1. Sort through B:Asp108, B:Asp73, B:Asp69 and tell me the only one that's of a type in the set (D, E, K, R), closer than 19 Å to A:Val170 by Cα and at pLDDT below 85.
2. For the subset of the stretch B:143-160 comprising residues that are more than 10 Å from every other protein chain (Cβ to nearest Cβ) and touching a helix residue (DSSP H, G or I) at 6+ places or on another chain (Cβ under 6 Å), which member is nearest to A:Gln29 (Cα to Cα)?
3. Just checking, does the stretch A:133-142 include any residue being free of Cβ contacts under 8 Å to residues at least 12 places away in the same chain and either closer than 27 Å to B:Ala173 by Cβ or touching a strand residue (DSSP E or B) at 6+ places or on another chain (Cβ under 8 Å) (or both)?
4. Under 8 Å between Cβ atoms, at least 6 apart or on separate chains: pull out the pairs that start in the stretch B:53-74 with a residue that is within 7 Å of chain A (Cβ to nearest Cβ) and end on any residue that is open to solvent by 10 Å² or more (accessible area, probe 1.4 Å) and polar (S, T, N, Q).
Amino acid sequence: MTNEDGIPADDPSRDDAELERLLGAELRQAFPAEDLAPSPEQVALLRDHVASMRRRPARGRWRLLAAAAALLVAGAGIGVGATTWVGADDEDLLARGSEEFSAELTGPAGARVVIDGAAAPEGRIVTLRSDTLPVVPYEQFYELWFLTDEGGSTWVSAGTFHPDEEGNTVVVLHAAVDPSVVTDVQITREPRDGNPAPSGDLVARGTVDLID
Amino acid sequence: MRIIGSVEPGTSERDLLARFRALDPDAWETVYRRSYSRLVEYARRRLPGGYDPHDAVSECLARAVDRIDDLADHGVRVEAWLYGILRLVVLEQIRRSGRQERERPVADSPLGLVEVADERGPLEHVLRDEQVSSVRAAFERLSVDDQEVLWLRQVAELSVAEVAEVLKKGHGAVRQANFRALARLRTLIEEVDA
């Protein structure tokens with residue numbers, strides 16, 4: 001005997017399927033789809049931007065992001081409270097800071113990572129780029145560290161990241177660190193175990209070059 | 001027949017994806033309109049307080065336009081890609097807000113009890129509303145990860161492959177996470193109802 005999905009009555013997965021069917025329906029009833037729609041202005045602006053992007057060369061398209069988001073929001077008449085982040089793509093963030101330092105990190109397995117740092121009111125904004133960091137499984141991620149010798153060796157984390165599935169990494173991180181006292185910059189591979197301490201699994205390292 | 005501002009009815013998902021990738025404004029409008037509500041709801045549930053989910057969706061679409069060259073045909077609907085981008089937008093805001101998790105009280109949610117226009121009597125409405133309240137209360141007690149996988153899989157009705165695309169996990173991991181979250185939800189509903 002089978003149920004309507006053709007799952008035999010003695011198949012353990014039948015219980016899972018039944019559970020999913022029942023609770024899935026309950027959830028959809030508990031959270032019904034709202035009848036929301038983008039405004040005509042939002043739709044028109046999106047269409048305009050899509051059309052304008054189509055006229056650009058494939059890799060020359062980069063950059064319309066902030067303008068598009070800002071225009072979409074402005075067109076919708078919303079976003080007054082969102083001026084701190086709407087359109088805040090990587091380039092916008094960098095534009096808010098002043099260029100301060102750079103570093104090239106290399107690793108024993110051939111990884112090469114370039115980072116650029118800018119000083120901003122809220123701290124240092126760090127843009128990290130690489131196409132040579134190996135893709136890591138879900139259970140792992142990379143973490144960028146700034147090492148200083150203030151009060152002994154101190155590791156300041158600038159955040160965690162992972163490459164996309166094609167092995168490309170472009171991330172913007174924030175760090176509360178003064179680059180003038182940084183002695184070393186490292187990227188470690190970290191297990192997803194909740195332990196905030198560096199694992200010691202070094203992937204790449206380098207030093208900071210301050211920009212006059 | 002052609003509907004102004006959208007692709008023709010009956011267009012397959014694969015065709016729609018191809019046109020989306022080719023920056024066909026009709027395809028973009030179609031996807032934008034059909035996914036708008038659920039994207040806004042997803043953002044609303046996960047964003048820190050003070051952030052507008054409509055803004056997050058606008059940001060998501062703007063990034064999508066700019067990064068269209070990154071969209072590959074993995075055999076899933078384009079919404080999976082958009083959810084993935086929106087998820088990053090939301091995570092950025094969570095990070096900037098300094099909050100690791102967010103629990104929005106049910107009372108704050110515009111997803112309040114919805115008056116359903118049906119033929120049920122008053123008692124049935126009361127019982128239905130009580131059940132809805134139990135499910136919502138139990139859902140709010142789930143971990144953020146459980147909420148996310150259930151929202152994507154059950155509420156937004158993405159396929160396992162699409163959820164895997166959004167969460168960057170394997171299909172098996174998504175299936176397991178989904179069923180474990182469902183089991184925990186069932187337990188929590190029983191606790192709420194007790």
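The values are calculated or read from the model by the stated rules, or taken from the named source; none is laboratory data. These numbers were taken from a predicted model, which means no experiment stands behind them. Cβ: placed from backbone, ideal geometry, glycine included. Neighbour counts: every protein chain shown. Note: areas computed on protein heavy atoms with side chains; ligands, DNA, RNA excluded. Shrake-Rupley method; radii C 1.70, N 1.55, O 1.52, S 1.80 Å.
1. None of the others qualify; the one that does is B:Asp69.
2. The residue in question is B:Leu152.
3. yes
4. none
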